[in-house]
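Visitor: Please read through the structure below; I'll follow up with questions.
The values are calculated or read from the model by the stated rules, or taken from the named source; none is laboratory data. As the structure is a computational prediction, the values presented were derived from the model and not from experiment. Don't worry about glycine lacking a Cβ; one is built from the backbone with ideal geometry, like all the others, and counts go over all protein chains shown. Only protein heavy atoms, including side chains, enter the accessible area calculation; ligands, DNA and RNA are left aside. Shrake-Rupley method; radii C 1.70, N 1.55, O 1.52, S 1.80 Å.
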Amino acid sequence: ANLSNANLSEANLYNANLTNVDLTNANLSNVDLVGAGLTNANLSNVDLRNADLSYANLTKANLYNVDLRGVDLTGANLSNADLSKANLSNADLADADLTETDLTYANLYGANLSYANLTDADLVGADLTYADLTYACLHNACLYKADLTNANLYNANLSKANLYKAKNLTDAKNLKDA
C-alpha cells in the first residue's frame with residue numbers, strides 16, 4: 001500500500017499490519033503503533049515524534065532520516081533496519097533488538113538503550129551523548145567516531161566492539177564496569 005505523504009497524526013494503529021507499506025514523508029506524530037507490524041516498511045523522512053512504537057516489529061524497515069524524538073520503542077524489533085541519520089534523541093529503546101541495525105550518524109542524545117541488543121550494529125559517527133547503555137550488548141558493534149560523552153556504559157558488553165576514534169570515550173560513565 002502507498003500511504004506516502006499521509007497525515008495520520010494521533011491515529012490509533014495498535015497492532016496494525018503495515019508490512020511493506022510506503023509511508024515516505026508521512027506525518028505519524030503522536031500515533032499509537034504499539035505491537036504494529038512494520039517489516040520492510042518505508043518510513044523515510046517520516047515525522048514520528050512522540051509516537052508509541054513499543055513492541056513494534058520494524059525488521060528491515062527504512063527509517064532513514066526519521067524524526068523519532070521522544071518515541072517509545074521499548075522492546076521493539078529493529079533488527080537490520082536503516083536508522084541512519086535518524087533523530088532518536090531522548091527515545092526509549094530499552095530492551096529493543098537493534099541487531100545489525102544501521103545507526104550511522106544517528107542522534108541518540110539522551111536515549112535509553114538499557115538492555116538493548118546492538119550486536120553487529122553500525123554506529124559510525126553516532127551521537128551517544130548522555131545515552132544510557134546500561135547492560136546493553138554492543139558485541140562486534142562499530143562505534144568508529146561515535147560520541148560517547150557522558151554515556152552510561154555500566155555492565156555494557158563491548159566485546160569485539162570497534163571503538164577506534166570514538167569521541168570522549170574517557171568521559172563515558174562506568175567504562176571500567178563495561
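Visitor: Residue by residue through segment 162-171, which ³J(HN,Hα) values in whole Hz follow from phi under the Karplus form 6.51 cos²θ - 1.76 cosθ + 1.60 (θ = phi - 60°), with glycine and proline marked x?
Guide: Result, rounded to whole Hz: 8, 10, 4, 6, 5, 7, 6, 4, 5, 8.
Visitor: A further question follows. Across the chain, how many lysine pairs separated by 8 or more positions, or lying on different chains, have Cα atoms within less than 22 Å?
Guide: Counting lysine pairs in the chain gives 14.
Visitor: For the chain, max minus min Cα coordinate along each principal axis, in Å, sorted largest first?
Guide: Principal axes ranked by extent give 47, 22, 20 Å for the Cα atoms.
Visitor: Compute, for Leu23, the solvent-accessible surface of its heavy atoms (probe 1.4 Å) with the complete set of protein chains present, and express it in square angstrom to the nearest 10.
Guide: Ignoring ligands and nucleic acids, Leu23 comes out at about 0 Å².
Visitor: Set Lys and Arg Cβ to +1 and Asp and Glu Cβ to -1, take the dipole of the chain about its Cα centre, and tell me which of Val71, Leu123, Ala161 lies farthest positive.
Guide: Value computed over the given set: Ala161.
Visitor: Starting from the Cα gyration tensor of segment 77-136, take the square roots of the eigenvalues, sort them a ≥ b ≥ c, and report rounded, prolate or oblate (rounded when a/c is under 1.5, otherwise prolate if a/b is larger than b/c, else oblate). Walk me through the numbers on the way to the answer.
Guide: On the way: a/c = 1.59, a/b = 1.04, b/c = 1.53.
Since a/c reaches 1.5 but b/c is at least a/b, the shape of segment 77-136 is classed as oblate.
Visitor: Can you check how the C-alpha radius of gyration of segment 1-48 compares to 2.2 N^0.38 Å, as a plain ratio?
Guide: Scaled against compact globular proteins, the figure is 0.98.
Visitor: When averaged across all projection directions, what area in nm² does the alpha-carbon convex hull of segment 1-97 cover?
Guide: The number I arrive at for segment 1-97 is 4.5 nm².
Visitor: Need one value: the accessible area of Lys165 in square angstrom, 1.4 angstrom probe, rounded to the nearest 10.
Guide: 110 Å²
Visitor: In whole Å, what is the distance between the alpha-carbon centres of segment 1-57 and segment 145-178?
Guide: 32 Å
Visitor: Taking amide H atoms as placed 1.01 Å from N in the peptide plane, list the residues 5 or more away in sequence, or in a different chain, whose amide H sits under 5 Å from that of Val46.
Guide: Asn25, Asp67
Visitor: Taking θ = phi - 60°, what integer Hz values does the Karplus form 6.51 cos²θ - 1.76 cosθ + 1.60 yield along segment 89-102, in sequence order, with x for Gly and Pro?
Guide: Rounded to whole hertz, the list is 4, 6, 6, 9, 10, 4, 6, 7, 9, 10, 4, 6, 7, 8.
Visitor: Can you send over the solvent-accessible area of Tyr154, 1.4 Å probe, protein chains only, in Å² to the nearest 10?
Guide: 80 Å²
Visitor: Taking a ≥ b ≥ c as the square roots of the Cα gyration tensor eigenvalues, with a/c under 1.5 meaning rounded and otherwise prolate when a/b beats b/c, else oblate, which class fits segment 86-178?
Guide: Taking the square roots of the gyration eigenvalues as a ≥ b ≥ c, segment 86-178 is rounded.
Visitor: Then there is this: Apply the Karplus curve 6.51 cos²θ - 1.76 cosθ + 1.60, θ = phi - 60°, to the phi angles in segment 69-77 and return the couplings in whole Hz, x for Gly and Pro.
Guide: 4, x, 6, 8, 10, 4, x, 6, 9
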